Amino acid sequence: MADVKKIATRDSYGEALVELGAQNPDMIVLDADLAHATKTLAFQKAYPDRFFNCGIAEQNMMSIAAGIAATGKLVFASTFAMFAAGRAYEQVRNSIGYPHLPVKIGATHGGLSVGEDGASHQCCEDFALMRAIPGMTVICPADYVEAKKAVLAAAKHDGPVYFRFGRLAVPVLFNENDYSFELGKGILLGEGKDVTIVATGLMVGEAIAAREQLKNEGISARLINMPTIKPIDREILVAAARETGAIVTTEEHSIIGGLGGAVAETLSGICPVPIIRHGVEDEFGHSGPALEVLKHYGLTAEKIVAQAKQAIALKNS
Amino acid sequence: MDEAKKKSLTKMALRVRMGAIEGVFHAKSGHPGGSLSVADVLTYLYFEEMKVDPQKPHWKDRDRCVLSKGHAAPALYATLANRGFFSVDLLKTLRKIDSILQGHPNMKQVPGIDMSTGSLGQGISTAVGMALSAKTSEDSYRVYTVLGDGELGEGQVWEAAMFASAKKLDNLVAVIDNNNLQIDGSLEEVNSPYPIPEKFQAFGWHTIEIFGHDFDQIEAAFQEARTVKGKPTVIIARTVKGKGVSYMENNFIWHGQAPGQDLYEQAMKELGEQLAGLED
């Protein structure tokens, strides 16, 4: 894939903020001393009067964002996923979630692909934490195009939204001209009848490769891209369970409480089929170049292939 | 302040106290001590200081107040009800299953509540957000937030204090309800925040110290705050926990429990007599 264009979803986020800033003259962006890394710097340069660096104080930033939203303005608050969903969890829950204020949280550096910074900065629990807050929308875009369209769409949503973006440059998978993002909708990327792979974030690229490998082995895998983890697209999941009888979820997140959890919770009461949750096992990450870390923890197409075969075996047992 | 106005505010603050006790008694739970200590400050805010319209609780240009010490909700509800935001009859429904009056303030349900609070330390930050928003779009409304003194133990308060002075939010006024008692005992016994004025001064705030049950001093403090430019103001209001009810005064056990029938009747009698003493 050497010739494939690669861009980090956080770059896309920065560009989307600048676009939104032009459309919304009142919009405010907050950051917690990570503007260079989260890419909110682009907004700061374009609209310096509407950008505020809150310093290294994420809890205060989230509650400030709530106060701004309460005055009727569009507001984004950014920091790393670890500090947005982790450090400031209770502020997000009580200042933003409980009053259902439409704060948009742009969390970057989610998952293991943070790489060298290691476990203290590799947040693999954010989907679980944010998903548990009533009324919170959780979005994890797969590529540059999806990230941008998701941010533009979610800005219009009258409720809180948590975005998880990545540090690592990832392949551009979609075409800007024919991709459309709809909040709460999964996207069918390939038909199949033996098993369904449900992927989110940077695992979508791996899942596309896995589907090809399975195809070469005579296995027909349906592939669903699930950018919105909450509210999850029940319709597309139930149809996949009924029509393919086995599911593999794949995500750069703990196998506890993330996409896999959401899919299992959804299907268990409607159409229970074997579901293999592929992701980070119940362990912390560690330092290393991003791609090596991902490989070390098995977040690869090869592992998805193996899990898909296991799901099919369970279905047939 | 002229005597007629002072009398009127004093009477209103007694009605607020009675409304708070009424609510806590019927709920069989809640926080009477800190509701009584903050009653005069809240009365002054909603009846004199703030630009609000009970008919238009979401009026865009209104002044805002965030009760950061959200557990004093019974006093805030009683203040709002007496100000006309909703019926005083509702006060008896505090904490009941079908009531809009939640144990801690919920902005989505109660007219006049500008922010949902209850988790200490967060309210001041949300008030900072409102004040920042006003500055950004050059809106003229002012933002007030009322904190407990025990609440100063939350690190987030100091994050907010640092940010508010860094951004020169002179449209923000914080009031510390300094009754010197928190849930487990006196502030010194638990984890002293003293000296409070020096801490806020070090964080770049203008500080004013008053006795929080004297309307002359309360008025002078809020008027002084309006003249301060380039920095936020904090009013450290020394108060009496349980103020107005003899057996509750300065007794931390009344931080978070409701009186039974006899003590409820005694509290209402005491407050009622104070009110009757002011009638012409």
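Here the stretch B:108-239 has an Rg and Dmax of 14.4, 44 Å, counting Cα atoms alone. The mean of 1/r over all distinct Cα pairs in chain A, once inverted, gives the Kirkwood hydrodynamic radius of 19.4 Å. Taking 17 Å as the straight-line reach from the Cα of B:Lys108, the aspartates and glutamates in range (excluding those fewer than 8 positions away in the same chain) are A:Asp158, B:Asp98. Karplus-based coupling profile of the stretch A:4-16, in residue order and whole Hz: 7, 6, 10, 9, 6, 5, 5, 5, 4, 4, x, 5, 5, with θ = phi - 60° in 6.51 cos²θ - 1.76 cosθ + 1.60 and x standing for Gly or Pro. Bridges between two residues of chain B, per DSSP, are antiparallel at a rate of about 10%. Remark: relative contact order (the stretch A:8-96) = 31 percent; criterion is Cα-Cα distance under 8 angstrom and separation of 6 or more residues. Taking the centroid of alpha carbons for each part, the stretch A:164-203 and the stretch B:182-239 are 54 Å apart. The angle separating the long axis of helix A:234-244 from the principal Cα axis of greatest extent in chain A is about 20 degrees. Extending 7 Å from the Cα toward the beta-carbon at both A:Glu212 and B:Thr227 defines two label points whose distance is 7.5 nm.
Of A:Lys156/A:Lys315; A:Lys104/B:Lys168; A:Lys193/A:Lys230; A:Lys104/B:Lys199; A:Lys6/A:Lys185, which pairs sit farther than 31 Å apart, going by alpha carbon to alpha carbon? Violating the 31 Å limit, Cα to Cα: A:Lys156/A:Lys315; A:Lys104/B:Lys199.
Placing unit charges on the Cβ atoms of the charged side chains and taking the dipole of the protein assembly as shown about its Cα centre, the candidate lying farthest along the positive direction among A:Ile208, B:Gly148, B:Val190 is A:Ile208.
Using modelled backbone amide H atoms (1.01 Å from N, in-plane), which distant-in-sequence or interchain residues come within less than 5 Å of A:Lys230's amide H? Amide H neighbours of A:Lys230, under 5 Å, 5+ apart: A:Val138.
Rounded to the nearest 20, the size of the Cβ-charge dipole of the protein assembly as shown about its Cα centre is 1020 debye, with Lys and Arg at +1 and Asp and Glu at -1. Note on the stretch B:61-132: Kirkwood radius taken over Cα pairs, Stokes-Einstein applied at 4 °C and 1.567 mPa s, translational D equal to 105 µm² s⁻¹.
Within chain A, the longest run free of exposed loop sites, counting GluC sites (Glu not before Pro) that sit outside DSSP helix and strand states (H, G, I, E, B) and have at most 15 other Cβ atoms within 10 Å, spans A:1-175. Applied to the stretch B:174-185, the Karplus parametrisation 6.51 cos²θ - 1.76 cosθ + 1.60 on θ = phi - 60° returns per-residue 3J(HN,Hα) values of 9, 10, 9, 7, 8, 8, 6, 10, 10, 4, 9, x Hz, with x for Gly and Pro. In terms of its alpha-carbon gyration tensor, the stretch A:243-317 comes out oblate; a/c meets the 1.5 threshold, while b/c is at least as large as a/b. The helix-based estimate of mean residue ellipticity at 222 nm for the protein assembly as shown, built from -39,500 (n - 2.57) per DSSP H run of four or more residues and divided by its residue count, is -12000 deg cm²/dmol to the nearest 500. Amide H to amide H distances under 5 Å link A:Val248 with A:Thr196, A:Ile197, A:Val198, A:Ile276, where only residues 5 or more positions off or on other chains count and H is placed in the peptide plane.
Full extension of the chain segment joining B:Asp2 with B:Val190 gains 63.6 nm, where the gain is 0.36 nm per residue of separation less the Cα-Cα distance. By the rule of a C-alpha distance below 20 Å, with chain neighbours fewer than 8 residues away ignored, the aspartates and glutamates paired with B:Lys92 are B:Glu22, B:Asp262, B:Glu265, B:Glu270. Going by neighbour counts of Cβ atoms within 10 Å, the residues B:Met248, B:Met50 line up, fewest first, as B:Met50, B:Met248. Rounded to the nearest 10 degrees, the inclination of helix A:58-70 to the longest alpha-carbon principal axis of chain A is 80 degrees. In chain B, Cα pairs under 8 Å separated by at least six residues give a relative contact order of 24 percent. Taking amide H as placed 1.01 Å from N in the peptide plane, B:Ala174 has its amide H under 5 Å from the amide H of B:Thr145, B:Thr233, B:Val234, B:Ile235, each at least 5 places away in sequence or on another chain.
Relative to the globular-protein estimate of 2.2 N^0.38 Å, the Cα radius of gyration of the stretch A:4-169 stands at 0.92. Pick from B:Ser186, B:Ser133, B:Ser29 the residue whose mean-square fluctuation is largest in a GNM of chain B, springs joining Cα atoms under 10 Å. In the Gaussian network model the winner is B:Ser133. Sequentially through the stretch A:261-266, phi angles give Karplus couplings (6.51, -1.76, 1.60; θ = phi - 60°) of x, 4, 5, 5, 4, 5 Hz, Gly and Pro residues having no value and appearing as x.
Counting Lys and Arg as +1 and Asp and Glu as -1 over every other residue whose Cβ lies under 12 Å from the Cβ of A:Lys309, the net charge comes to -1. Net charge dipole, the stretch A:1-62: roughly 160 debye, given to the nearest 20, about the Cα centre with Cβ charges of +1 for Lys and Arg and -1 for Asp and Glu. With neighbours defined as other Cβ atoms within 10 Å of a residue's Cβ, the residues B:Trp254, B:Trp158, B:Trp59 order from fewest to most as B:Trp59, B:Trp158, B:Trp254.
Only helices at least 30 Å long along their own axis, judged from Cα atoms, and with Kyte-Doolittle mean hydropathy of -1.0 or greater: name those in chain B from DSSP H. Taking the DSSP H segments of chain B (at least 30 Å long, mean hydropathy at least -1.0), we get B:3-27. Enter the angle in degrees (range 0 to 90, nearest 10) between the Cα long axis of helix A:301-316 and the first principal axis of the Cα atoms of chain A, meaning the one along which they spread out most. Between helix and principal axis, roughly 50 degrees.
Among beta bridges from DSSP that stay inside chain A, the antiparallel ones total about 15%. With semi-axes defined as the square roots of five times the eigenvalues of the C-alpha gyration tensor, the equivalent ellipsoid of the stretch B:180-272 measures 31, 18, 8 Å, largest first. Among the listed pairs A:Lys148/B:Lys229; A:Lys148/A:Lys295; B:Lys7/B:Lys269; A:Lys73/B:Lys11, give every one whose C-alpha distance is greater than 31 Å. Pairs exceeding the cut-off: A:Lys148/B:Lys229; A:Lys73/B:Lys11.
Counting neighbouring beta carbons within 10 Å and listing from fewest to most, the residues B:Met130, A:Met136 come out as A:Met136, B:Met130.
Using C-alpha pairs under 8 Å with a sequence gap of at least 6, the mean separation divided by the residue count of the stretch A:4-169 gives a relative contact order of 28 percent. Classified by the C-alpha gyration tensor, the stretch B:3-277 has a prolate form. Its axis ratio a/c, with a ≥ b ≥ c, is 1.5 or above, and a/b is larger than b/c.
Averaging Cα coordinates gives a centre for the stretch B:47-110 and one for the stretch A:138-156; these two points are 38 Å apart. For the stretch B:214-260, the list of trypsin sites (Lys or Arg not before Pro) that fall in a loop by DSSP and count at most 10 other C-beta atoms within 10 angstrom reads B:Lys229.
Cross-link partners of B:Lys51 among aspartates and glutamates, defined as those whose alpha carbon lies under 16 angstrom from its own and excluding same-chain residues fewer than eight positions apart: B:Asp61, B:Asp63, B:Asp114, B:Asp139, B:Glu219. From the Cα gyration tensor of the protein assembly as shown, with a ≥ b ≥ c the square roots of its eigenvalues, which class applies: rounded if a/c is under 1.5, or else prolate if a/b is larger than b/c, or else oblate? The shape class here is prolate.
Inverting the pair-averaged 1/r between distinct Cα atoms of the stretch A:33-110 gives 12.4 Å as its Kirkwood hydrodynamic radius.
Bear in mind these aren't lab numbers, they're just calculated from the coordinates by the rules spelled out. Note that the structure is a prediction, hence the values are computed from the model and not measured. Neighbour counts run over all protein chains shown; Cβ positions are idealised from the backbone, glycine included.
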